[in-house]
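The values are calculated or read from the model by the stated rules, or taken from the named source; none is laboratory data. Computed from a predicted structure; not experimentally measured. Backbone-built Cβ (ideal geometry, glycine too); neighbour counts: all protein chains shown. With ligands, DNA and RNA removed, areas are computed over all heavy atoms of the protein, side chains included. Shrake-Rupley method; radii C 1.70, N 1.55, O 1.52, S 1.80 Å.
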Amino acid sequence: MSTLLDAYSEAVIAAAERVNPSVVNIEVHQQNRRGGSGSGFIFTPDGFILTNSHVVHGADDIEVTLPDGQHYRADKVGDDPDTDLAVLRITAPNLVPATLGDSQAIRVGQLVIAIGNPYGFQCTVTSGVISALGRSLRSKSGRLIDNVIQTDAALNPGNSGGPLVTSNGEVIGVNTAVILPAQGICLAIAINTAKFVTGRLIKDGKIRRGYIGVAGQNVPLHRRLVRTHELPVAGGIFVVSIEPNSPAQRAGLREGDIIIGFAEQPVADIDALHRILTDHQPGVRAPLVVLRGSEKLILQIHPSLL
């Protein structure tokens, strides 16, 4: 038993030591209001920082403190309340970027470590396992964030925006929320979602996306269905719920349907659908391909502007 505990401890220590140099404290100052604070992490050598939107939204001035105690003024590059993600940038020498992993490759039961820098001089570390994948979380903008990671690694005050990492120190999520009535369940935005969002924020400063009104979960498709319908994808989006009076409801989509295509493009997972909706012109009719039981259907949908 002691050998197993030593191995567990060594894994957590090694991952934390690898990522700690990238984790920063963020202090927000607002006129006529009390500011807040949170965490973030450097993900490029030239000073781009990923954090939560709710940490920096509406800030008049943002100060970043590195693990060595150095303070820098940060510019807000972009902010997306719909996914609770934001990108900052600082100009500083010898920055250590975190390594971004692949949130599609993680599994329930896998060891994860949540890291934050709530005070600006020392990182805090908690560990646990991935409890569930494919959860949904309603953002402050009202939009449902799909493909959220649920973990039992405690999220300490001030750690919002910090990285959720694997035992080898790769970031697979951005810690965003804790649900206190639910025995301290902690949630993180999947890093694959964050990669797409940060790319758009760096390019355009904001994201304009189409809206269809669906909450979904990634699921694999039965090989028989893939063969029968000669599908180009082996996975799809299981429709968990549909917003009332939404484009999806008006198009005839039902709970339990599996979305496999949109706008003449295959849809294997939620990230793929988000990418297509971001590029698709709102209001323009598009075919939505779904599986309903063993039947393949094509519905016509008019996405609106979120």
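Laid out as a table, the results:
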read-out: Among (1) in contact (Cβ under 8 Å) with a residue 40 or more places away in the chain; (2) more than 18 Å from GLY40 (Cα to Cα); (3) not aliphatic (A, V, I, L, M) - the single one ASN117 does not satisfy; value: (2)
read-out: VAL125 vs. criteria under 21 Å from LEU66 (Cβ atoms), among the hydrophobic types (A, V, I, L, M, F, W, C) and modelled with pLDDT under 95; value: yes
read-out: Region 189-240: number of residues that are open to solvent by 40 Å² or more (accessible area, probe 1.4 Å) and either hydroxyl-bearing (Ser, Thr, Tyr) or on the phi > 0 side of the Ramachandran plot (or both); value: 3
read-out: Tally of residues being of a type outside the set (Ser, Thr, Tyr), closer than 15 Å to GLY162 by Cα and outside any helix (DSSP H, G or I) across region 51-62; value: 1
read-out: Filter result for the condition that a residue is under 26 Å from the mean Cα position of the chain (by Cα), in a loop (DSSP other than H, G, I, E, B) and among the aliphatic types (A, V, I, L, M), over LEU288, LEU253; value: LEU253
read-out: Among residues of region 279-305, those that are surrounded by 15 or more Cβ atoms within 10 Å (Cβ to Cβ) and either among the hydroxyl-bearing types (Ser, Thr, Tyr) or touching a Pro at 6+ places or on another chain (Cβ under 8 Å) (or both), counted; value: 6
read-out: Filter result for ALA215 (among the aliphatic types (A, V, I, L, M) and either free of Cβ contacts under 8 Å to residues at least 24 places away in the same chain or in contact with a helix residue (DSSP H, G or I) (Cβ under 7 Å, 6 or more places away or on another chain) (or both)); value: no
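Residues checked against (1) more than 22 Å from the chain's Cα centre (by Cα); (2) of a type outside the set (Ser, Thr, Tyr); (3) modelled with pLDDT of 90 or more; (4) not in a strand (DSSP E or B):
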site: TYR8; (1), (2), (3), (4): yes, no, no, yes
site: ALA15; (1), (2), (3), (4): no, yes, yes, yes
site: THR44; (1), (2), (3), (4): no, no, yes, yes
site: VAL64; (1), (2), (3), (4): no, yes, yes, no
site: ARG73; (1), (2), (3), (4): yes, yes, yes, no
site: ASP79; (1), (2), (3), (4): no, yes, yes, no
site: LEU88; (1), (2), (3), (4): no, yes, yes, no
